[in-house]
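Peer 1: Quick one: structure below, then a few questions.
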Amino acid sequence: IFTVTAQQFEEHIASLIQQGYGSINPDQVFAFLTQGKALPERPIMITVDDGWRSNIDIMLPVLEKYHFCSTIFVTTGPEAWIFRKFEGLDRGLTADEVRDLHRRGVSIGSHTVTHPYLIEMHDEEIRKEFLDSKRTLEAWTGVPCRFLSIPGNFYNRRIAQIAYECGYEAV
C-alpha cells in the first residue's frame, strides 16, 4: 500500500513533469505560509518517511534525473521497530548517508528516534523523542532541523505544542 516499484515511481515522476508540476521543499512551503512568498506554478512536494537505504538506491536517481527535489523525514534510531520489522528487505540510513543526502540537496526532517505511537506517551517521553532526533539530525547535517513528520500522523494539539517547544517550526 505504501510502496511502488522503481519503474512505477519513474513513470509517476515523468507524468508529473509532463503535466507541468515542479517540486518544492518544506522551506518554500513554510515561506509561502508565513511570509506569503510565491510558489512556482503547479507545486508538488515529494516526501518520504523513515529513511531507508532504498531512498538512495532507487528514489534519488529518478529524482535527480528529472531535477526534482525531495524531503526525507528520518527515523534516527537504528533499532527503531520500523527498521526491525523490515529487516532483510531494506535498512535505515546511516549518519554518513544522511550527510551525503543533505549535500546532494535532499531536505532532511525528523521522524523521531524510535517511530513511536506518540498519542499514548507522556509529555517528557515525547519531548525526548523530538529533541534527541532533532539534535542527531543537526549533528549529521550541520544545519537546523526545522520540520517534523509525526509517525503514523497520529497527533493532537498537545503533541504539536511539544514539537513547537522543542524548536520545530512546522509539523
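Peer 1: Under 12 Å from the Cβ of Phe30, count the other residues' Cβ atoms, weight Lys and Arg +1, Asp and Glu -1, and hand me the total.
Peer 2: Cβ neighbours under 12 Å give a net charge of 0.
Peer 1: What length, rounded to one decimal in nm, is gained on full extension from Ile119 through to Tyr66, with 0.36 nm per residue of separation minus their alpha-carbon distance? Working shown, then result.
Peer 2: On the way: separation 53, 0.36 × 53 = 19.08 nm, distance 3.83 nm.
Here the segment from Ile119 to Tyr66 would lengthen by 15.3 nm.
Peer 1: Follow-up question, since we're still on this one. Rolling a 1.4 Å sphere over the protein heavy atoms, what is the accessible area per residue of the stretch 72-171, to the nearest Å²? Please list the in-between numbers first.
Peer 2: On the way: 5360 Å² over 100 residues.
Computed with neighbouring chains in place, this is 54 Å² per residue.
Peer 1: In the chain, what percent of the accessible surface is made up of carbon and sulfur (1.4 Å probe, ligands and nucleic acids excluded)? Don't jump to the answer; show the numbers that get you there.
Peer 2: Details: 5220 of 9730 Å².
It is 54 percent, rounded to a whole number.
Peer 1: Then there's this: Using a Gaussian network for the chain with springs between C-alpha atoms less than 10 Å apart, which of these wobbles most: Leu60, Leu39, Leu93?
Peer 2: Highest fluctuation among the options: Leu39.
Peer 1: So which lysines pass the test for Lys85, namely a Cα distance under 24 Å, with those fewer than 8 places away in the same chain ruled out?
Peer 2: Hits, sequence-local ones excluded: Lys128, Lys134.
Peer 1: How much of the DSSP beta bridge set in the chain is antiparallel, as a percent to the nearest 5? Mind dumping the intermediate values first?
Peer 2: Values: 1 of 14 bridges.
That works out to approximately 5 percent antiparallel.
Peer 1: At a Förster radius of 22 Å, what calculated FRET efficiency corresponds to the Cβ-Cβ distance of Ala6 and Phe154, to the nearest 0.05?
Peer 2: Details: r = 30 Å, r/R0 = 1.35.
FRET efficiency, Ala6 to Phe154: 0.15.
Peer 1: In nanometres, what is the gap between the two model label sites at Ala31 and Met45, each 7 Å from Cα along Cα-to-Cβ?
Peer 2: 1.4 nm
Peer 1: Counting Lys and Arg as +1 and Asp and Glu as -1, each charge on the Cβ, what is the dipole of the stretch 1-77 about the Cα centre in debye, to the nearest 20? The partial results should precede the final answer.
Peer 2: Details: 4 positive and 8 negative charges, 35 e Å.
Rounded to the nearest 20 debye, it is 160 debye.
Peer 1: What is the sum of charges around Gln7, taking Lys and Arg as +1, Asp and Glu as -1, for the other residues whose C-beta is under 15 Å from the C-beta of Gln7?
Peer 2: -2
The values are calculated or read from the model by the stated rules, or taken from the named source; none is laboratory data. Keep in mind it's a predicted model, so treat the numbers as computed, not measured. As a convention, Cβ positions derive from the backbone with ideal geometry for all residues, glycine included, and neighbour counts pool all protein chains shown. What goes into the accessible areas is simple: the full protein's heavy atoms, side chains included, and nothing from ligands, DNA or RNA. Shrake-Rupley method; radii C 1.70, N 1.55, O 1.52, S 1.80 Å.
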